[in-house]
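As C-alpha cells, the structure follows; a few thoughts come after it.
The values are calculated or read from the model by the stated rules, or taken from the named source; none is laboratory data. What you see is a predicted model, and the numbers here were worked out from it, not measured in a lab. Neighbour counts run over all protein chains shown; Cβ positions are idealised from the backbone, glycine included. Ligands, DNA and RNA are excluded from the accessible area calculation, which covers all protein heavy atoms including side chains. Shrake-Rupley method; radii C 1.70, N 1.55, O 1.52, S 1.80 Å.
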Amino acid sequence: QVQLVESGGGLVQPGGSLRLSCAASGSIFSINAMGWYRQAPGKQRELVAAITSGGSTNYADSVKGRFTISRDNAKNTVYLQMNSLKPEDTAVYYCNAAGVVSGIGSVSDSWGQGTQVTVSS
C-alpha cells in the first residue's frame, strides 16, 4: 500500500510564497503522474498542477505563471512552489499519485491527507 505524506502548508500573506512537498512511500516500482489538487470550502476539488514521470506538466489556468510543479523520481517526491499567492488560493491542498506500479505489478492511485494553505493579511 502506498502512502503520501504532505508538508509545507500554512498561513501566508497575499503576495507571499509557500512550497509544498509530498513524499510517496511503500512498495513502489514506478509512478506515472503526481499532482496537486485543492478544495476550497463549498467548492469541488480541482486540479492545480500535475507532472508525469517524464517531466510533462499541466497547470490550471488560475495558477499559470505563479505556481511551479517539480518532481524527484528517485525520491518519489513531488513539490509545488507557489508564488504571488492570492486569497483565492486558500484551500486544502491534496497530493495525488496516479498509476502507481507496486513491486508485485499491481496498479493503483493514492491520495494524501491534505494540507491547509491560507492566504490572508
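Looking only at region 43-61, filter to residues that are touching a Lys or Arg at 6+ places or on another chain (Cβ under 8 Å) and of a type in the set (A, V, I, L, M, F, W, C); which one of those is nearest to V78 (Cα to Cα)? Filtering region 43-61 for residues that are touching a Lys or Arg at 6+ places or on another chain (Cβ under 8 Å) and of a type in the set (A, V, I, L, M, F, W, C), the one nearest to V78 (Cα to Cα) comes out as I51. Among residues belonging to region 93-113 that are under 12 Å from the mean Cα position of the chain (by Cα) and surrounded by fewer than 18 Cβ atoms within 10 Å (Cβ to Cβ), point out the one that is farthest from L11 (Cα to Cα). Filtering region 93-113 for residues that are under 12 Å from the mean Cα position of the chain (by Cα) and surrounded by fewer than 18 Cβ atoms within 10 Å (Cβ to Cβ), the one farthest from L11 (Cα to Cα) comes out as A98. A count restricted to region 4-38 and to residues that are of a type in the set (F, W, Y) and either touching a helix residue (DSSP H, G or I) at 6+ places or on another chain (Cβ under 6 Å) or assigned to a strand (DSSP E or B) (or both) stands at 2.
Condition check: over 28 Å from I104 (Cβ atoms), open to solvent by less than 30 Å² (accessible area, probe 1.4 Å) and in contact (Cβ under 8 Å) with a residue 24 or more places away in the chain. Does V12 satisfy that? In short, yes. All conditions but one from (1) outside any strand (DSSP E or B); (2) under 12 Å from the mean Cα position of the chain (by Cα) apply to Q81; the one that does not is (1).
Restricting attention to region 58-68, the residues that are surrounded by 15 or more Cβ atoms within 10 Å (Cβ to Cβ), of a type outside the set (G, A, S) and farther than 15 Å from G9 by Cα total 4. Do we have E46 as open to solvent by less than 40 Å² (accessible area, probe 1.4 Å) and acidic (D, E) here? So E46 does not fit the description; no.
Within region 96-118, the set of residues being out of contact with any strand residue (DSSP E or B) (no Cβ under 7 Å at 6 or more places or on another chain) and closer than 15 Å to N76 by Cβ comprises S102, G103. Among the residues of region 44-68, those identified as without any contact (Cβ under 8 Å) to a residue 24 or more places away in the chain and part of a loop (DSSP other than H, G, I, E, B) are Q44, S53, G54, G55, S56, A60, K64, G65, R66.
When residues in region 15-31 are screened for being at pLDDT 95 or above, over 21 Å from R66 (Cβ atoms) and surrounded by fewer than 19 Cβ atoms within 10 Å (Cβ to Cβ), 1 of them pass. Figure legend. Inter-residue proximity from region 88-105: first residues within 30 Å of V117 (Cα to Cα) and at pLDDT 95 or above, second residues of a type in the set (S, T, N, Q) and open to solvent by 40 Å² or more (accessible area, probe 1.4 Å), beta-carbon distance below 6 Å, spacing 6+ or different chains. Indicated pairs: T90/T118; A91/Q39; V92/Q39; V92/Q116.
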